[in-house]
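The values are calculated or read from the model by the stated rules, or taken from the named source; none is laboratory data. Quantities reported herein were computed from a predicted structural model and do not represent experimental measurements. Here the Cβ positions follow ideal geometry from the backbone for every residue, glycine too, while neighbour counts run over all protein chains shown. Quick note on the areas: whole protein, heavy atoms, side chains included, nothing else; ligands and nucleic acids left out. Shrake-Rupley method; radii C 1.70, N 1.55, O 1.52, S 1.80 Å.
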Amino acid sequence: DVLAPAGSPIVAVGAGTVVQIDYGGGWGQYVKIDHGQGVQTLYAHMIAGSPVVVPGQFVDAGQLIGYVGSTGYATTTHCHLEVYVGGGRVDPLQFFA
């Protein structure tokens, strides 16, 4: 979880293709990006309707994908980031120096 004020920009951590945009359950509004080689990232609790990307769209690292909110099972505004390798979740901190 990355705490941030409501409306803060959320950017893609790496280049890839948007594979899913949805709203529901614990994640609320979220975007999932496939970076290739079995790596995907998911960005959750966005402001409802705030994704500025569409499924199938290629995004660059650092490109805006939406805005921080508190949808789903969130008690405050933040971006919940998940990293998947080979379909399983891994600790995202290992990807950030």
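Of everything listed in (1) closer than 15 Å to G16 by Cβ; (2) small (G, A, S); (3) open to solvent by less than 40 Å² (accessible area, probe 1.4 Å), the single unmet condition for G69 is (1).
Scanning segment 27-48 for residues that are open to solvent by less than 70 Å² (accessible area, probe 1.4 Å) and out of contact with any Gly (no Cβ under 9 Å at 6 or more places or on another chain) returns K32, L42. Look at (1) part of a loop (DSSP other than H, G, I, E, B); (2) modelled with pLDDT of 95 or more; (3) over 22 Å from P5 (Cα atoms) and you find that A97 fails only one, number (2).
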